[in-house]
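Before any comments, here is the structure.
The values are calculated or read from the model by the stated rules, or taken from the named source; none is laboratory data. Treat the numbers as computed from the prediction; the structure is a model and nothing was measured. Using ideal geometry, Cβ is built from the backbone for each residue, glycine included, and neighbour counts are taken over all protein chains shown.
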Amino acid sequence: MKYSLRQLEVFLAIAHYDNISRAAKSLNMSQSAASGALKELESQFDIRLFDRIGKRLKINELGRLLRPKAEALLERAGALEQDLMQHQTVGQIKVGATLTIGNYLAVALMVEYMKSHPGAKLNLEIANTSAIAHRVENFDLDVGLIEGEVQSTELEIIPWQQDQMVVFCAPDHPLAKKRQLSDADLQQATWILREKGSGTRQTFDRAMHGLLPNLDVLLELENTGAIKRSVEAGFGIACLSRIALEEAFQHGTLVPLEVPGRNFHRNLYLIINRNKYRSAGIERWIELCQQHQF
C-alpha cells in the first residue's frame, strides 16, 4: 500500500485547518513532519490535494473529492482499533441538535443511550438548523437533529418527529382575551422572532406567507428562553414549538393564541452525511431516536 493512515490524518487535518502548523499541533506532530507526510502522499501519486496561497493551503477539487473517502476509511480504522484495544463496539459520537431539540428532547435521549451503553461517550453541540447542517456536511458532526428543512445532496434526511408551533403572548397582553387572531391582528401585533437560518423561523415564515412584509418585528433572538422572557415582559407576541412552551402554559405565565388558516405543523429530522461511515454507535443512536416518540 502506497499510503499510510497517518498521511491521511495529516491530509484531513490540513483540510480542516487550512494551515500546516495548526494541523500538526492537533495531531501532536512537528510542522516539518506534517509537511513531509503531505508532500510524500502527494508525490507518491503525482497529485496535488491543495492550492498554495501564501502560507495557507486551500483544499482543491481533487482533495474535496477524496476527503469523504479518507474520512470513511479513518473512521473504520478507528472503530477497529478501539475494538482491538478496548473490546468495545460503541465509541464516541458527536451529535448536533437545534435549540428546541437540544434543550428539550436531546438530554433524555442521551441519558437513555448512555444507560444502554455504559462507558460510551456522546458530545452534544447546539446551534440553529443551517449551522448544524453545515457541520454535518463537513464531517464535524456525526449526526444532526434539526427542526428545519434543508436542501443538500450530501445529506441523508430522515423524517423523525412531528411538531406543532404555537403563537403566544403574556396573560395581560390585549390579544390574550381574543385568543383567536385574524390576519389584521397578526399585522398589528409586535413580534419577537427567532433569527433567520433557524428551523423555527423557517416554519414561521412559511406559515405567514403573504403577511411577512407587513409584520412589525421588534426583536430577532437566537435563544428560545430569551424570547419567552421578552414575551412575558410584554414586549410583544411570538411563535415557538409547543415543546418549549408546555410548562409555561401549565403555569399560566404564557397564553396560547389560535391562528385559523395558518399551518404551523412541521417535521423534525435526523440528518447524516451520505458518505459518513456508520459506526455501531451512530447506528444505535439513530435507532434510539427513531424508537423515541415525544
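Of Glu75, Glu9, all but one fail to be acidic (Asp, Glu) and under 30 Å from His292 (Cβ atoms); the exception is Glu75.
Touching a helix residue (DSSP H, G or I) at 6+ places or on another chain (Cβ under 7 Å), more than 19 Å from Asp163 (Cβ to Cβ), crowded, with 21+ Cβ neighbours inside 10 Å and polar (S, T, N, Q): is that true of Asn273 in this structure? So Asn273 fits the description; yes.
In the stretch 38-58, is there at least one residue being of a type in the set (A, V, I, L, M, F, W, C), under 23 Å from Ile20 (Cα atoms) and in contact (Cβ under 8 Å) with a residue 40 or more places away in the chain? Yes: one or more hits. A count restricted to the stretch 251-271 and to residues that are β-branched (Val, Ile, Thr), closer than 19 Å to Pro174 by Cβ and touching a strand residue (DSSP E or B) at 6+ places or on another chain (Cβ under 6 Å) stands at 2.
Quick one: would you say Pro171 is surrounded by fewer than 17 Cβ atoms within 10 Å (Cβ to Cβ), touching a residue at least 60 places away in the same chain (Cβ under 8 Å) and more than 27 Å from Leu124 (Cβ to Cβ)? Here the answer is yes, as Pro171 does meet what is asked.
Counted as qualifying within the stretch 197-294 are the strands (runs of 3 or more DSSP E) with 1 or more residues that are free of Cβ contacts under 8 Å to residues at least 40 places away in the same chain, namely 216-221.
Scanning the stretch 233-253 for residues that are under 28 Å from the mean Cα position of the chain (by Cα) and not basic (Lys, Arg) yields a total of 12.
I'd like to know if the stretch 174-191 contains one or more residues that are within 24 Å of Ile101 (Cα to Cα), assigned by TED's automatic domain parsing to the domain that holds Val255 and part of a strand (DSSP E or B). Yes, that holds for at least one residue.
In this structure, Glu220 qualifies as touching a strand residue (DSSP E or B) at 6+ places or on another chain (Cβ under 9 Å) and surrounded by fewer than 16 Cβ atoms within 10 Å (Cβ to Cβ).
Within the set Asn123, Asn128, Asn138, the sole residue that is within 12 Å of Trp285 (Cβ to Cβ), within 15 Å of the chain's Cα centre (by Cα) and assigned by TED's automatic domain parsing to the domain that holds Phe264 turns out to be Asn123. Consider the stretch 141-181 and keep the residues that are of a type in the set (Gly, Ala, Ser) and modelled with pLDDT of 95 or more. The one that is farthest from the chain's Cα centre (by Cα) is Ala170.
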